[in-house]
Amino acid sequence: MLEGAMIMSITRTTHRTVTFFHPFHLSCHDGLLRAGEYEVDTLEKLDIEAATRSYIKLECQLHLWSEEDLAQGIKSLTVMPQELEAALALDSDPLREDERNRMIKSFGGVSEDTAA
């Protein structure tokens with residue numbers, strides 16, 4: 001490699017829709033976010049050290065649609081991909097229902113075990 005040469009970073013943005021079946025929390029937002037579908041754009045960069053073509057997830061933009069968030073001028077949240085994946089895992093794992101209900105209650109929400 002040439003000394004002082006610039007190394008360009010190759011990035012891409014992927015798009016997907018995720019579904020939360022329960023209220024959830026992300027550290028970049030006060031309180032709970034509602035259950036529902038969310039559009040997510042993920043910024044990734046090419047891992048130039050990998051033996052095969054692979055990308056490293058850098059950050060996600062979670063697009064918000066609730067009237068409350070839009071009224072506050074919040075159109076999207078920037079979240080670390082690991083945190084988003086952890087929230088999706090907590091949401092969908094039936095063996096973590098108690099943990100999920102404790103999280104919901106801690107933010108003033110109504111968990112499934114008391115909703116009826």
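The values are calculated or read from the model by the stated rules, or taken from the named source; none is laboratory data. Everything quoted here is computed from the prediction, not taken from an experiment. Note: ideal-geometry Cβ built from the backbone for every residue, glycine included; neighbour counts use all protein chains shown.
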> Residues of the stretch 26-45 being at pLDDT 95 or above and surrounded by 14 or more Cβ atoms within 10 Å (Cβ to Cβ), which ones?
Replying inline: LEU26, TYR38, GLU39, VAL40, ASP41, THR42, LEU43, GLU44
> Among the numbered criteria (1) under 13 Å from PHE20 (Cβ atoms); (2) modelled with pLDDT of 95 or more; (3) surrounded by 15 or more Cβ atoms within 10 Å (Cβ to Cβ), which single criterion is violated by ILE104?
Replying inline: (2)
>> Residues to consider are ALA89, ALA71; find the one that is among the aliphatic types (A, V, I, L, M), surrounded by fewer than 12 Cβ atoms within 10 Å (Cβ to Cβ) and in contact with a helix residue (DSSP H, G or I) (Cβ under 9 Å, 6 or more places away or on another chain).
In response: ALA89
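Kindly indicate whether GLU49 is of a type in the set (Asp, Glu), under 13 Å from the mean Cα position of the chain (by Cα) and exposed (fewer than 12 other Cβ atoms within 10 Å of the Cβ).
On the way: of a type in the set (Asp, Glu): yes; under 13 Å from the mean Cα position of the chain (by Cα): no; exposed (fewer than 12 other Cβ atoms within 10 Å of the Cβ): yes.
Taking the combined requirement at face value, the residue does not satisfy it.
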